[in-house]
Amino acid sequence: MVESIQAIKKKLFVLDTNVLMHEPESIYKFEEHDVFIPLRVLEELDSHKRGQNEIARNARQAHRYLDELLSAIDLKNLAQGIPLKSGGKLHFQTFEKDRERVADNEIITVTKQLRIDKEDEGISVVLVTKDINMRIKACVHGIISEDYRNDQVANVSDESQFGGQIEITDAMWEAPGTDIKIEREDSADVGTIIVYQITAPWVGNWTANTHIYSNSSSNKTFRGILREVEGQCATIELLPDFESQYHCWGIQAKNKEQNFALSVLTDPEIDFVTIAGDAGTGKTLLTLAAALQLVYEDKFYDEIIVTRATVPMGEDIGFLPGEEEAKIEPWMGAITDALETLSASPEGNDFERKSGVEFLKSRVKVKSSSFMRGRSFSDKFFLIDEAQNLTAAQMHGLISRAGPGTKVVAIGNLKQIDTPYLSASTSGFSFAIDRMRNWKHYAHITLHSVERSRLADYVAANFSD
């Protein structure tokens, strides 16, 4: 009886080409289940292997993995499957099927044949593809189909995880067992640092560097950052007041989230920061203001390096002439706009404003994410713009460029993903937020209030899904 149940639970996953091009290691990610690769998938991989982009590199890497597995077995035993380190086996299509003009249709036909062949063995055949239309077609043909979920982040809508902040309500302040005391006061350049120790039953699942705030009647201005949690005791450091007392390069926060963003951007103990939010919430302006302050005034870093994925919002405009910086410049309009805002006072004349922009640009280096492999940045402020368009592998590759003394900041809007096959749950931006959130030198905040203009505020409220 036990063996029968185990046989029913056994699955055979048929991989579409886009899964291997998205993550070449996917063949190892199906645990004890078997993996099947149709011949048409191998042909499509071959057609995509030329070039220097991420898809071509992944196609070549998938070929290397497959070649390595094939070279380790006796080809006479290929029909029995190649053992995988995950516990399952890898199978290739060894039977002949009629060629079809559309590759998707041929892969679906092969999957249907597999379903018939494996039915007596109690094995469930599942087509895995990142193509939504492919999944719809598979469903029409009665085939079980799934998206590739190994790189997906659960609970993207979970505000406690992806918002980066927690509110202490009146009920929490008044809960039995809650105790508050000041641990220490230290003099610092930004004023007096006040650290609280809060002992309460509701602090146990908090993560380090979360924004802790309260809008209760007795603690309206409580704005802090969680430094440490031990059992039911949380150490919270009050944030500097960037809303009225301090500023970064002339920019002050307009709400509590922006205040927290400026605090962690200028905090030397925070090496990696992610800032999410809708268009107009101030992500780019705040980050560049903090970067200019840290480079020019505080001299914590040598220069500012900015990069982003060159994924167009609409139709691609084609080849762009010039060197790397000239090619990437059209993609950096948001950075240029922010530098113009930060360069001079509104009262300055046209010459002063243009001179101010050029002065700031002299310490801002624009780099393409396509040429980041092998690079190492030391003592830099490294800004990753439009991070929602990066895959998990691309995000990992960029963050790992950080050398000694480098601060990395990734900003993005998960509602504006332009990269094919990426969603809010599979974006490298979400992946970084999920994987880094327990590290003591990382902080995240989601900005909610649109501060660009009343028009942008109205659009954000009424154009969203």
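General remarks:
- Segment 29-43, residues that are surrounded by fewer than 18 Cβ atoms within 10 Å (Cβ to Cβ) and either part of a helix (DSSP H, G or I) or not charged (D, E, K, R) (or both): LEU39, LEU42, GLU43
- Qualifying residue in segment 362-372 (condition: in the same structural domain as ARG308 (by TED's automatic domain parsing), modelled with pLDDT of 85 or more, within 17 Å of the chain's Cα centre (by Cα) and buried (at least 22 other Cβ atoms within 10 Å of the Cβ)): no
- Considering (1) within 28 Å of PHE429 (Cβ to Cβ); (2) at pLDDT 60 or above; (3) acidic (Asp, Glu), the lone condition that GLU297 does not fulfil carries the number (1).
- Condition check for LEU70: closer than 17 Å to TYR28 by Cβ, crowded, with 16+ Cβ neighbours inside 10 Å, among the hydrophobic types (A, V, I, L, M, F, W, C) and at pLDDT 90 or above: no
- Among the residues of segment 401-453, those that are in contact with a helix residue (DSSP H, G or I) (Cβ under 7 Å, 6 or more places away or on another chain) and part of a helix (DSSP H, G or I) comprise GLY428, PHE429, PHE431, ALA432, ILE433.
- Restricting segment 175-196 to residues that are modelled with pLDDT of 80 or more and surrounded by fewer than 12 Cβ atoms within 10 Å (Cβ to Cβ), the residue that is farthest from ASP241 (Cα to Cα): PRO176
- Checklist (1) among the acidic types (Asp, Glu); (2) more than 13 Å from the chain's Cα centre (by Cα); (3) modelled with pLDDT under 90 applied to ASP379, failing item: (3)
The values are calculated or read from the model by the stated rules, or taken from the named source; none is laboratory data. Model, not experiment: these values are computed from the prediction. Reconstructed Cβ throughout: ideal geometry from the backbone, glycine too, with neighbour counts over all protein chains shown.
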